[in-house]
Every structure is written in C-alpha cells, then in structure tokens.
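Beneath this line is the structure, given in structure tokens, with notes to follow.
None of the figures in this text is laboratory data; all of them are computed from the coordinates on show. These numbers come from a predicted model, not from an experiment. Heads up, the Cβs are rebuilt from the backbone with ideal geometry, glycines too, and the neighbour counts pull from every protein chain shown.
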Amino acid sequence: MRMAWLLLILACAGPMEISGSADARTPEAHVAHNESVQTVIQTARQKFQQALKLDYAWRVTADLISEAEKRMAAGDTQGAHDAATRALLSAEASILQAEHESRVWRERLPKTATSNVKK
Amino acid sequence: MVLLAASVHESGFAQTEGRVQKGREIAFDRNKGNCLACHWVKGAELPGEVGPPLVAMGVRFPERAALRDQIWDASRRNPETLMPPYGRHGILTELEIDLLVDFVHTL
Amino acid sequence: MSGDAVSGDARQDRDDLVAFFAKRFPDVEFSDHANGAYALDEAKARQWREIEDFPPYEPMIDEGERLFNTAFSNGSGYAACFEHEGIGIKQRYPRFDPDTRQVVTLELAVNHCRELNGESPLSYTGEAITAITAYMAFTSRGQKFDISVPEGAESAFNQGKQFYYSRRGQLNFACSNCHLDAAGLRLRAEILSATIGHATHWPAYRFKWQELGGIHRRFAECNEQVGAVALDHQSEAYRNLEYFMTVMNNGMTLNGPSTRK
C-alpha cells in the first residue's frame, strides 16, 4: 500500500494530497510525463493481478487500465495519467477490501443466530 | 474542475439550476448514482425500497458536509450500511458528488 | 448418509438461516422459498406458474436425456459412473470428496466420468453439460436436499460461507447484504429472494439468457453487478460457495429445472 503511494508521488513529481486511509478517489490533475505514466500503469497492473489472486478484483480496474493504455497510444499523456492513477487507486481499494472483509465477515451472520453468541 | 472555476463568475440562479439538474441526472443514471435502485425520489418510476425515501433533505441535513459524507462513504455512519461508498470507492468523481449534493439538498 | 454426517456447525448455520427467514417472512412456508422471489410476490407468481405449465426448457431435458444415454466410444456410459445409474441423485450434490479434498458438483462429476472413460471434458459454459445436468436435475424432482459435511470438509464449507458473507466489488456488497439483509425488499423493480431456496432449481431457464444456465452463471452475474470480476465457472471458490449454499438448502425439495426472469 505505502509502496504504491510512494510511486504515485514520485510519478507525479508534484504535491499530492495524502489522506489517512486508502481510497479510490478522483486523482488531482498533474503534469504527466510518458515514463511516469508507464510506471503508474505498470504498478496498477501488478496490483490488479494481486487482487485477482485474492478473488477480489474489480472490473473498473481493468477498464481503467485499458483506458490509460488507449490514451497513451493516442498521445493523451494527461488523460492516460488520470486513468492510470484511478486504476491504481481502485486496485488498492480492492485489496484493502479483501483484507478488511477477512476480518469482519462473521459480523454478517443472521442476527437471530444462537450460534453467534458463543465466540 | 476547470469548468467549475470558469463558471464561478457567471453565478446566479441559472447556474445553480444547472448544477441541480446535472446532479439529478447523475442520481437517476443507472450507470452513475443509480440512487433510485434503493431510494424513492420525487419523479422516480419504480424506485427501490432498500433505503429510506429521500425527502426533507434540507431539514435532515442542515450541514451540507454531513450530506456529502453520507454519499461519499455511508459506512462512516453505519459500518453495515447497504449504501455503496460512492467517494471512497471512486464510483463517482468528486465533482459528480458535489453536483449530487446540490441536487439532493433540494429534495 | 443423512443428517448425521452434517457437522454440528453446518447444521446450526442452516437452522439459524431457516429461523431468520421464518421470522422475516412469517407468512411464507419454508418449502415455498424454493420458488425464489416468486414466493415473495404473489402477482408475479401467478404469471410464473402459467409459464411453468408450458416450460420453455422442455426440449433441453429431452436433449439431455439423449446425451446422457449416448454410449462413450469405449461402450460404457454415464450411468455406470453414478449410484442409481445417475437417476434421482442430485439431492446429494455437490458432495465433498475426501480423497481429493475437493467439492464435487454435478457438472464436475459428469466430466470426471467422461475422463475416466477416455472422453474429453465438456466446456462448463457449453450447452451439452447444461442439458445433461438439466436431465439429471429433472429426474431428482421431488427429492429433498441431503448434503453432508463430513470430517475434513469443514474448510471447504467455511470458505464458501466466508465468500457468501464477504463484501466484494466496487459497490461493496456481500451476497448476504442482498439475499439476507434486504431479502423481500425491492431493488429497483426486483424483489430480492432469500438465501434458502437458492440451490433447488438449477439449471434454470432465464428469460434474460433465453436459455438454460447453471448456478455458477448466476453467481458470476451477481458478482459482476456489484462491480467485481467474476470467477470461472466451476472454480474452487464457486464450488465451495455452491456447497455452502446447498447445505443451507438441506431439507428443501428440488424443483429443477425451473424458469426465472
């Protein structure tokens, strides 16, 4: 998680708001460079693979990665950067979801359950 | 964002109306807010009933920030909410959420 | 074979769910949940019963019977692979195979049978396997689910259970959020059906699909609609999920194939 944020910051080479919790918000606009965008796309792809292995991937991540690639090919570096950043944030949020859910899922067993009382 | 900044100058009633209308479109769009899947909203056909009807929003949310919070991540108020975290999970953009707040606040 | 082999926890889980829905829907009989959302919507149920009088899936059952009875090139056939020659056995699927430590769905068993006899496996998304399992389901109508959770199966069962209660996808929903917490409520125009009754009627003919499809196809659709990447049909996770869900349907009467919207 930290790693990706770091990469993002490096890739953006500019100030970026860092919030306490990872989320998949809209990226701030930044001046984007070809190489840095490639780095973000690459990292997003890796995180997406990680989420797939957990059976927790989101469809939007794949969509955003292909959008970033298309824009890149069309020479729209800024658009590619925004899509890639959103792809990365969504992949991170999906991995966070997997971690969070592995802790809390039992809370959702039916409330009438007598079996829930015993730990 | 650029659009917003540029339009600050033309403020006034028409401007607000435009934002409310845009927010309404986002709320009704199945691929955007899709709020009607769960909420009754004035003018909705076949709304869902998983969430409460969105009425008296100005009274229920005197603070617009609280309304924005509910839409951005409903799990902050209720960890087991059934409402999707529109902001936290990037389902809508920050701009789209701002427009939604403008619309919902009129209900 | 029967109830004794269900581990205490699994049985408790099933009883808890039955109690939950009895309380949520005091006017709906336990057995009626086998009709899914139609058990909760009298107006739609009437239309649906009329359709079931002239079921659109009938030709597929005939096709399935033909395929089921077509001999393999070695002269053997499906009947030799199953108890009771494969007739009226679906109430015991999916089952846990202690040797491979895997959940074996009916689809998987059909392909095992083929491979055992030197035939190539059928595609899990193809028509042939759906037709064959539709025929086998048809011969099991009226039987009651009797799925056991023997020693060693707890892990598979628990993985299926965890899947069912875990939120997934960008929209952040667990299966249980819709089919338990919100069961009986309208999501848009659609009344959400209850967890109990979800396994009884597969493969099902969906008007949306315009054909019969297996329960994993429905899993994939419910995953995708919340923004999650769907898993492969017959993947380990989906088989474990089907195992958990079917144990939750223990005691319910099989009524497949059936039709759904």
With the label point 7 Å along the Cα-to-beta-carbon line of residue C:154 and a cut-off under 19 Å to each amide N, the hits in region C:14-44 are C:14-16
Hydrodynamic calc, region C:180-223: Kirkwood Rh from Cα pairs, then Stokes-Einstein at 37 °C with viscosity 0.692 mPa s, so D in µm² s⁻¹ is 284
Contact order relative to length for region B:2-104, counting C-alpha pairs under 8 Å separated by 6 or more residues, stands in percent at 29
Expressed as a percent, the portion of alpha-carbon pairs in region C:104-226 spaced more than 24 Å apart is 40
Mean other chain Cβ within 10 Å across B:75-84 is 3
For chain C, longest principal axis from Cα atoms; helix C:106-116 axis from its Cα atoms; angle between them, nearest 10 degrees, is 20
extent check for the protein assembly as shown: Cα max minus min per principal axis, descending, whole Å, gives 80, 52, 48
Rg (one decimal) and Dmax (whole number) from the Cα set of chain C, in Å, equal 17.8, 55
At q = 0.13, 0.15, 0.22, 0.25 Å⁻¹, the log10 of I(q)/I(0) for region B:2-104 from a Debye sum over equal Cα scatterers comes to -0.47, -0.63, -1.31, -1.60
Averaged over the residues of A:97-105, the number of partner chain Cβ atoms within 10 Å of each residue's own Cβ comes to 4
Answer in debye to the nearest 20: the dipole magnitude of chain B about its Cα centre, from +1 Lys/Arg and -1 Asp/Glu charges placed on Cβ, is 140
Longest principal axis of chain C (C-alpha) makes with the long axis of helix C:42-53 (C-alpha) an angle, in degrees to the nearest 10, of 20
With the charge dipole of region A:30-89 built from beta-carbon charges (+1 for Lys and Arg, -1 for Asp and Glu) about the Cα centre, the Cα from A:49, A:83, A:33 projecting farthest to the positive end belongs to A:49
Counting only backbone N atoms under 17 Å from a point 7 Å out along Cα-to-Cβ of residue B:78, the residues of region B:29-49 in range are B:35-41, B:48-49
CD proxy, 222 nm, chain B: helix-only mean residue ellipticity via -39,500 (n - 2.57) per DSSP H run with n ≥ 4, per residue, nearest 500, stands at -12000 deg cm²/dmol
For region C:198-215, Karplus-derived ³J(HN,Hα) couplings (6.51, -1.76, 1.60; θ = phi - 60°; whole Hz; x for glycine and proline) come out as 6, 9, 6, 10, 9, x, 10, 8, 9, 5, 4, 7, 6, 6, 7, x, x, 5
Taking a straight Cα-to-Cα line shorter than 22 Å from residue C:90, and setting aside same-chain lysines fewer than 8 residues away, one finds C:144, C:161
The ³J(HN,Hα) series, computed from each phi in region A:84-101 with the Karplus coefficients 6.51, -1.76 and 1.60 at θ = phi - 60°, rounded to the nearest Hz and given as x for glycine or proline, is 5, 5, 5, 4, 5, 4, 5, 5, 5, 5, 5, 5, 4, 4, 4, 5, 4, 5
Per its Cα gyration tensor (rounded if a/c is under 1.5, else prolate when a/b beats b/c, else oblate), region C:151-222 is best filed as oblate
Per residue of B:85-98, other chain Cβ atoms within 10 Å number on average 5
